[in-house]
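For reference, the structure discussed in these notes is given below.
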Amino acid sequence: MDSLEPDAQSFIVKVWVEDSAETSGQGIWRGHITHVTSQERRYLKNLGEIEDFIAPHLEELGVKLGVGWRVRRWFKRLIKRS
């Protein structure tokens with residue numbers, strides 16, 4: 001964790017278009033998110049994956065995620081197991 005801001009986490013989110021709307025009729029976006037301190041990186045296919053990546057880091061800081069957030073994460077894990 002950053003020694004200057006012990007109660008903070010930093011992330012870099014980068015998104016780009018792989019196929020432009022002009023050539024395919026619809027742009028396909030991709031991206032990745034990087035946790036600055038650990039350099040852990042995850043490639044993204046949808047924006048919801050950003051929340052999934054950040055949530056454990058927030059919990060490390062003692063943030064209590066709301067019931068709705070926990071239920072969504074539970075459903076996503078359940079679907080992945082299927």
For this session: For I33, state whether it is assigned to a helix (DSSP H, G or I), of a type in the set (A, V, I, L, M, F, W, C) and modelled with pLDDT of 85 or more.
Result: no
For this session: Show the residue pairs that are 6+ apart or on different chains and have beta-carbon atoms under 7 Å apart, the first residue being within region 26-50 and more than 22 Å from S10 (Cβ to Cβ), the second being of a type outside the set (A, V, I, L, M, F, W, C) and not in a loop (DSSP other than H, G, I, E, B).
Result: G27/D19; I28/E18; I28/D19
For this session: Taking G62 as the residue in question, decide whether it is of a type outside the set (A, V, I, L, M, F, W, C) and over 17 Å from the mean Cα position of the chain (by Cα).
Result: yes
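What do you reckon, is W69 out of contact with any helix residue (DSSP H, G or I) (no Cβ under 6 Å at 6 or more places or on another chain) and either touching a residue at least 12 places away in the same chain (Cβ under 8 Å) or outside any helix (DSSP H, G or I) (or both)?
Against the criterion (out of contact with any helix residue (DSSP H, G or I) (no Cβ under 6 Å at 6 or more places or on another chain) and either touching a residue at least 12 places away in the same chain (Cβ under 8 Å) or outside any helix (DSSP H, G or I) (or both)), W69 qualifies.
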Problem set entry | Answer residue from region 43-65, given it is small (G, A, S) and at negative phi and is least open to solvent (accessible area, probe 1.4 Å) among those | A55
Seminar exercise, completed: Filter region 4-20 for residues that are open to solvent by less than 90 Å² (accessible area, probe 1.4 Å) and not aromatic (F, W, Y); the one that is modelled with the lowest pLDDT is S20
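The values are calculated or read from the model by the stated rules, or taken from the named source; none is laboratory data. What you see is a predicted model; the values in this text were computed from it and never measured. Don't worry about glycine lacking a Cβ; one is built from the backbone with ideal geometry, like all the others, and counts go over all protein chains shown. Quick note on the areas: whole protein, heavy atoms, side chains included, nothing else; ligands and nucleic acids left out. Shrake-Rupley method; radii C 1.70, N 1.55, O 1.52, S 1.80 Å.
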